[in-house]
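Just so it is clear, none of the values below were taken in a lab; they were calculated from the coordinates. This is a predicted model, so every value here is computed, not measured. Please note: Cβ atoms are built from the backbone with ideal geometry, for glycine as well, and neighbour counts cover all protein chains shown.
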């Protein structure tokens, strides 16, 4: 049996692969469904990245950072200011 903690979170522990992402949904009768997902670039996105080798290398480096759990959050304004 799994019970939510005081903040409403469920600890799934060994029930899921910690290296994957999941879409979660709650069905009509309260059944929680987790579906593994993978982010895949479209052919057009991949071509755009490959056309800019520096941008492509930066994207790969950031993907490695995410895989290692090295992420940070910024505001939309900060993001747009750095484009």
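Taking the longest Cα principal axis of the chain as reference, the axis of helix 53-67 is set at about 20 degrees.
By how many nm would the segment from residue 66 to residue 79 lengthen if fully extended, with 0.36 nm per residue of separation less the alpha-carbon distance? All intermediate terms of the calculation are to be shown ahead of the outcome.
On the way: separation 13, 0.36 × 13 = 4.68 nm, distance 1.71 nm.
The span from residue 66 to residue 79 would gain 3.0 nm if fully extended.
Treating each Cα of the chain as an identical point scatterer and summing with the Debye formula, the log10 of I(q)/I(0) at q = 0.13, 0.19, 0.25 Å⁻¹ comes to -0.71, -1.10, -1.33.
Under the rule of -39500 (n - 2.57) per DSSP H run of 4 or more residues, summed and divided by the residues of the chain, what mean residue ellipticity at 222 nm is obtained, to the nearest 500 deg cm²/dmol? Kindly include the intermediate steps, with their values, before the conclusion.
Details: 3 runs with 30 residues, N = 83.
Estimated from H runs of four or more residues: -10500 deg cm²/dmol.
Label zone (residue 48, point 7 Å along Cα-to-C-beta; backbone nitrogen cut-off 18 Å) within the stretch 63-79: 63, 79.
What separates the Cα centres of the stretch 17-44 and the stretch 52-66 is a distance of 24 Å.
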